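Nothing in this text is a laboratory measurement; each read-out follows from the coordinates by a stated rule. Just so it is clear, the model here is predicted, and its values are computed rather than measured. Positions of Cβ are backbone-derived with ideal geometry, glycine not excepted, and every protein chain shown enters the neighbour counts.
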Amino acid sequence: MCYSFFFCNLLISCTKNVKKESTDESIVEPPTHAFLDINVYLQAAISGTNTEMSTGLTGVIPTNDPYGVGVTCPDINTIPDVVDWIKVELWRAEIPKEKLYSFSALLLKNGKIVDIDGKSFLKHAQEGNYHIVVKHRNHMAIMSAEVSLKIGSTTSVDFTQNATAAIGGNSPLYHLTNGFYGMHYGEFNHDCDISNTDGQEAWDAITSHGFTPGYFNDDFNMDKVVNVNDTYVYSSNDPDYKASLYGWPAGSCTPYK
Ligand SMILES: [Ca+2]
Ligand SMILES: [Ca+2]
């Protein structure tokens, strides 16, 4: 059984003040939420021409979300096809652009971002226009163009199909060998940049982790261990890939802010 606190900052507005007294199932209550159908690939979890991501972290994924949103999912290592925790944010579409809501969710191997039951779309009680931001603990963050959320409707955002699905001027999505697009891996130290510094951090982590399997941010290729393979990942990305090129407010690209 999972417990969601996605809307902790909306607790008052999400709390029903009306109790349904009748058991007549023909009575249909009006919809209360907008739904989000988001698709994204992580570069680290895609191998070659595969179109499904690796689930190599199964067994070591923490039951508490790593982004500090406050979501717990005790079954995360037994829900089928889970790749990892992933963070979704809704940003204000108007100026000043800023983060309004945060969700921690599950990423499935087919690219679907789902609620912590492993199958449902994310839902949100406040309709409006937003940028959809996706963050992962060792990948560069991405932001969609402005989309509209309407109560009772599902909004689809697919970051896998083309390079322009994420806004920004310098390839915010990586063109994968399988022909689709994914988030750039290698952002270990959360400074909104993928550089030699991230590789050095992984080198240092080899010593501290001692090849013990686990759940580590510096396990870039997401195979449970930190070894020499994790120190080279930055080299397959643009070493000058900086979040500032994409108009992110300083520091806001990181998974933990
Ligand atoms: Ca970095
Ligand atoms: Ca690794």
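Summary of values
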| quantity | calculated |
| --- | --- |
| GLN126 vs. criteria within 16 Å of ligand 2 (Cβ to nearest atom) and not charged (D, E, K, R) | no |
| Residue among THR177, THR212, THR231 that is β-branched (Val, Ile, Thr) and either more than 13 Å from ligand 2 (Cβ to nearest atom) or free of Cβ contacts under 8 Å to residues at least 12 places away in the same chain (or both) | THR177 |
| Output for segment 153-187, where each listed residue is farther than 13 Å from LEU42 by Cα, small (Gly, Ala, Ser) and not in a strand (DSSP E or B) | SER153, ALA163, ALA165, GLY168, GLY169, SER171, GLY179 |
| Selected residue (criterion: nearest to the chain's Cα centre (by Cα)) from residues of segment 88-123 that are among the β-branched types (Val, Ile, Thr) and crowded, with 18+ Cβ neighbours inside 10 Å | VAL88 |
| Residues that are crowded, with 16+ Cβ neighbours inside 10 Å and in contact (Cβ under 8 Å) with a residue 40 or more places away in the chain, drawn from segment 152-165 | THR155, VAL157, PHE159, THR160 |
| Selection from segment 185-196 of residues that are on the phi < 0 side of the Ramachandran plot and surrounded by 24 or more Cβ atoms within 10 Å (Cβ to Cβ) | TYR185, GLU187, PHE188, ILE194 |
| Hits in segment 124-151 (condition: touching a Ser or Thr at 6+ places or on another chain (Cβ under 9 Å), in a strand (DSSP E or B) and surrounded by fewer than 19 Cβ atoms within 10 Å (Cβ to Cβ)) | GLY128, ASN129, ALA145, VAL147, SER148 |
| Failed item in (1) part of a loop (DSSP other than H, G, I, E, B); (2) farther than 19 Å from SER153 by Cα; (3) small (Gly, Ala, Ser), with SER120 passing the rest | (2) |
